[in-house]
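Reviewing the structure listed below.
The values are calculated or read from the model by the stated rules, or taken from the named source; none is laboratory data. Treat the numbers as computed from the prediction; the structure is a model and nothing was measured. All Cβ positions, even for glycine, are placed from backbone atoms using ideal geometry, and neighbour counts span all protein chains on display. Side chains are part of the model used for accessible areas, which takes the heavy atoms of the whole protein and leaves out ligands, DNA and RNA. Shrake-Rupley method; radii C 1.70, N 1.55, O 1.52, S 1.80 Å.
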Amino acid sequence: MAEIRINQVAKQFGDTHALHSIDLTIADQEFLVLLGASGCGKTTLLRIVAGLETASAGEVWIGDRRVDHLAPKDRGIAMVFQNYAVFPHLTVFENIAFGLRMAKLPQSEVEKRVNRTASLMHIENLLKRYSGQLSGGQRQRVAVARALATEPEVLLMDEPLSNLDALLRMEMRAELKTVLAESKTTTIYVTHDQVEAMSMADRIAVMNKGHIVQAASAVDVYRNPAAHFVGSFIGNPPMNFLDAKPLGDGWWDVAGTRVKGPVGGQYPALQLGIRPEDIVVHDAPSSAHPDSLSATVRVLEPLGSHLLASCKVDNQMLRVVLDSNASAKPGDQLHWSPVPDRIRWFDPATELALP
Amino acid sequence: MYSRNLPYLLLLPATLFLCIFFLYPFVLVAWQAFVSDTGEFTSEYFMEMATHWKFNTALTNTFMLALAVVPFQIALALYMATLVNGMKRGRDLILYVWTIPLGISDLAAGIIWLAIFEQTGFLNSMLQGLGVIEQPVGFLGYQSKGTIFLAIVLAEIWRATAIVLVILVAGMGLIPKEYYEAAEVFGASRWKQFTRITLPMLKPSLQTAMILRVILAFEVFAVVVALGGTNLPILMGEIYTWQYDLRDSSVAAAYALVVLAISIAFTLLIMWGLRTPKGARV
């Protein structure tokens, strides 16, 4: 039960900067997800907290202890590895008991904790088996049970579900969320899967090129992306971005149509960001919607729950979520307008969202 | 071109080779050991071998040598392999240097160590030069069986540890790093990581290395001859003596079968002792 504070942590591998001065505080019992594409530094950051990697600069605090000079075993952490790292030469029981044996707990306590965590992860009937006799999902459960058995202050998970098939991943996601909420540990969870991140996290820290671009709740990250990268990385399909030229007085020219935007002449150009589902499509241009934009439908993807239309607007890509009954055909002209309070503005120079 | 017989056809040369050069001589040796001149089955040659005054000494010496050499070699090779695997740079260089003795024949190795230990050897001249001794000491004389034994043990360790090392280094390289990281996170010290992760996961390599070394240890010959002559009788030495000095191929064959039986027994013992439980294989 502890807060994690990461102060100005940086990591260099030779000339490559894997992490640029990261500041992040994770509250006691919070479930924080580090989300980013591969190579963004999220695993490196997790391994620095674990003590498997040494930071080039900065401090890591767990609770009121500075831990960056301590060995992993002295940090009060447990970890779940991407490839599970379930020891093949030990039975499931001994795997779960590994940390407890190293801490030299008495046999009765070891048995008690192993049995409790095993039943928590629903693997109590597998205790005598070896890792080679388990499925991927079962191995994953063993890895989590092994981590929980040590009753850590901090639980670190490195893409724990990435090796499971889609259905199993969904099942484990919900289960892990329940188990971790009960265990009351502070958790850092690394993933490149945005659905996983959004469904599990109390807070998501989106990483890109060694920076944390935004750290906020799932809804906030989705609705109010702090940067172009966040908008285009999160959401499937991602946010649409359209170039806007200033017309003065808070009006902006987006693909030949006037759109109300931020006042102030300091930006030579902006980008309008809008989620595909925050677009209203009109039957035909009418006086009721004098400011509607038009788009040419290129590709239609019927996805069951909705119809995804990829369109061209003034040579820019626009994706629109349509009702699954919509009668659009490729080549059709679509008349649309963005839901005004869902529009976000981005500065193309800094790629950051306007405040 | 492909037919169902092709695999067998391709296996044929190797099978023929094994039959002509291994199976056939083996049958001949067994025949010699068990069948008398008149063509009857007999245990007379085994009796002659076992009742000879040198048999027990040779058997004991061979076992003692294997016991003194092999466990030490395994431990040393484990230590050396751990060092090599922990190195970031120069790993290959060190490995090459350490494996140089592998390229030297066992007789040559025996002669190198003879040059150190003999009366006019390096050790004596060094000790004399340092003023530790007045006169050269006969380390390898027939009265000093202890030092002969020690010299042979040293020479064998110097000569044949590298083969164990090579096998273990390769084996250690196959253990995924993630297991060590998991062990480290869950509180295992360096030593615990070695005993709880490295050793159990190295079992297949240890098995190979030990079988190889134990068999070779029971066949030790040239180094013993070079350093001890006939002062320290061993099984392989007795085979040679019976075959070429006493001109009795049948007793020599009986000896050879004894060495074979010991090798098979130890191979089975090691395979059983270092077996991996079903399901625990990676």
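Using a 1.4 Å probe on the protein heavy atoms, what percent of the accessible area of the protein assembly as shown belongs to carbon and sulfur? Taking all protein chains in place, the protein assembly as shown shows 60 percent carbon and sulfur surface.
The modelled label-to-label distance between A:D165 and A:D15, using points 7 Å beyond Cα along the C-beta direction, is 4.6 nm. One decimal place: the segment A:Q133-A:Q333 gains 66.2 nm when fully extended, by the rule 0.36 nm per residue minus the C-alpha distance. The modelled label-to-label distance between B:L199 and B:W158, using points 7 Å beyond Cα along the C-beta direction, is 3.0 nm. Got a sec? Which residues in the stretch A:233-254 would a label at A:S305 touch, if it sits 7 Å along Cα→Cβ and we count backbone N under 17 Å? Zone members listed by number: A:234-239. Computed on the Cα trace of the protein assembly as shown, the radius of gyration divided by the Kirkwood hydrodynamic radius gives Rg/Rh = 1.18. Express in nm, to one decimal, how much length is gained between B:K54 and B:F21 on full extension, taking 0.36 nm for each residue of separation and deducting their alpha carbon distance. Length gained, B:K54 through B:F21: 8.8 nm. If R0 is 60 Å, the Cβ-Cβ spacing of B:E178 and B:E40 corresponds to a FRET efficiency of close to 0.40.
Summed over both chains, the area buried between B and A is near 2200 Å², taken from the accessible surface of protein heavy atoms with a 1.4 Å probe.
What net charge is computed for the residues neighbouring A:L24, neighbours being all others with C-beta under 15 Å from the C-beta of A:L24, Lys and Arg scored +1, Asp and Glu -1?
Numbers: positive: A:R5, A:K11, A:K42, A:R47, A:R203; negative: A:E3, A:D23, A:D28, A:E30, A:E59, A:D68, A:D202.
Residues close to A:L24 contribute a combined charge of -2.
For the stretch A:210-355, the calculated P(r), taken from all Cα-Cα distances in 10 Å bins from zero up to the bin holding the longest distance, is 11, 40, 35, 13, 1 percent.
For each pair in A:K73/A:K104; B:K88/B:K177; A:K184/B:K192, compute the distance between the two Cα atoms and list the pairs where it is over 18 Å.
A:K184/B:K192
Pairs of Cα atoms nearer than 8 Å and 6+ residues apart set the relative contact order; for chain B it is 28 percent. Working note: Karplus 6.51/-1.76/1.60 with θ = phi - 60° gives the stretch B:53-60 the couplings 5, 8, 4, 4, 4, 4, 4, 4 Hz, where Gly and Pro are set to x. If you average 1/r over every pair of different alpha-carbon atoms in chain A and take one over that average, what Kirkwood value in Å do you get? Radius from the Kirkwood sum: 22.8 Å. Label reach from A:E175 (point 7 Å along Cα→C-beta): in the stretch A:139-155, amide nitrogens under 14 Å belong to A:139-146. Based on DSSP H segments of at least four residues, each scored -39500 (n - 2.57), the protein assembly as shown has a per-residue ellipticity at 222 nm of -13500 deg cm²/dmol. Peptide A:96-105 has a mean of 4 when you count, residue by residue, the C-beta atoms of other protein chains within 10 Å of its C-beta. Taking label positions 7 Å along the Cα-Cβ direction at both B:L93 and A:R298, the computed distance is 5.8 nm, reported to one decimal. Using the Cβ-Cβ distance between B:T82 and B:L6 with R0 = 45 Å, the FRET efficiency computed as 1/(1 + (r/R0)^6) comes to roughly 0.50. Tell me, how many Å apart are the Cα centres for the stretch A:152-220 and for the stretch B:41-65? The stretch A:152-220 and the stretch B:41-65 have Cα centres separated by 71 Å.
As an exercise, take the mean of 1/r over every pair of distinct alpha carbons in the stretch B:1-42, invert it, and state the Kirkwood radius in angstroms.
12.5 Å
If you take the Cα centroid of the stretch A:246-279 and the Cα centroid of the stretch A:1-18, the two points sit 38 Å apart. Where a Cα-Cα gap under 17 Å defines reach, which lysines qualify for B:K145, not counting those fewer than 8 residues away within the same chain? Within the straight-line cut-off, B:K145 pairs with B:K54.
Cross-link reach is defined here as a Cα-Cα straight distance under 22 Å, omitting same-chain residues fewer than 8 places apart; for A:K177 the lysines meeting it are A:K42. Other protein chain C-beta atoms within 10 Å of residue C-beta, averaged over A:42-52: 1.
Rolling a 1.4 angstrom probe over the protein heavy atoms with all chains in place gives the protein assembly as shown an accessible area of 51 Å² per residue. Look at the stretch A:72-79: the mean tally of other chain Cβ atoms within 10 Å of its residues' Cβ atoms is 4.
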